[in-house]
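Notes for the one structure printed next.
The values are calculated or read from the model by the stated rules, or taken from the named source; none is laboratory data. Owing to the predicted nature of the structure, the values given are computational and were not obtained by experimental measurement. Note that each Cβ is placed from the backbone with ideal geometry, even for glycine, and that neighbours are counted across all protein chains shown.
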Amino acid sequence: MDTRENMIFIKGEIRTSEIQFCRYNPEINKVEVEFNSGKKYTYLPQNVEWLHDPEVLNPDKYIISSFGRKLFGMKVIYVFRKGSIRYWHICFESGKEEDYKESHLKIVRSCLEQEEAKNVFDYIRQIANISDIRNEETGEKLLAKKFEKISFIGDNVALAKYLNPSLLSKNQDEYNDTLIFPFGCNNSQYKAVRRAMENQILV
């Protein structure tokens, strides 16, 4: 079974890589499954879910961690949808393939995939190229060289919010935790700290 185009759940578990053949038999109202081992089983239709048509993602645009461990050497990503739940099938350069429930992953996307952020960053890159700060020995423009190396900016960092202000989260509720000032404060200091806790970026 092609694990890049299909994702098969049997009794809630992903079993795609173990399956050779799968089809629904209307005569017995069951799903017939043949495993790679050659063994064949039949299942009630409600015990088998077959997902198709995944979204294909470029791994260069993502930084992904699973239970605190960063995933390296990703070659291609396939995302399957089961209702509101998403499952990520990741193929690695080593040839290994793994399946993950999206809620079990920490996913950081590059904000440069968004047109507004990309346009602003390209403008800043052009300004950097105009700067005449150079390496005294090689004559190379220092700022331009630094910006050329930047191809990924996570949407969870402050710079992403500057490039695309729409990424700033709109806090619907006020900050509810108790602020403690062990050495006291005046009203303006209290307001400054509270606003800092309620906003991602504050001057």
Residues satisfying the stated conditions in segment 1-42, i.e. among the polar types (S, T, N, Q), surrounded by 10 or more Cβ atoms within 10 Å (Cβ to Cβ) and either free of Cβ contacts under 8 Å to residues at least 24 places away in the same chain or touching a Lys or Arg at 6+ places or on another chain (Cβ under 8 Å) (or both): Gln20, Asn25, Asn29, Asn36, Thr42
Residue selected from segment 42-78 under the condition small (Gly, Ala, Ser) and closer than 17 Å to His104 by Cα, by the criterion farthest from the chain's Cα centre (by Cα): Gly68
Single condition Ala160 does not satisfy, out of (1) exposed (fewer than 10 other Cβ atoms within 10 Å of the Cβ); (2) modelled with pLDDT of 90 or more; (3) of a type outside the set (Asp, Glu): (1)
Segment 127-152: number of residues that are loosely packed, with under 11 Cβ neighbours inside 10 Å and either among the basic types (Lys, Arg) or touching a Phe, Trp or Tyr at 6+ places or on another chain (Cβ under 9 Å) (or both): 1
Among the residues listed as Phe92, Phe72, Phe67, Phe80, the single one being in contact with a helix residue (DSSP H, G or I) (Cβ under 8 Å, 6 or more places away or on another chain), closer than 30 Å to Ile153 by Cα and either modelled with pLDDT under 95 or of a type in the set (Phe, Trp, Tyr) (or both): Phe67
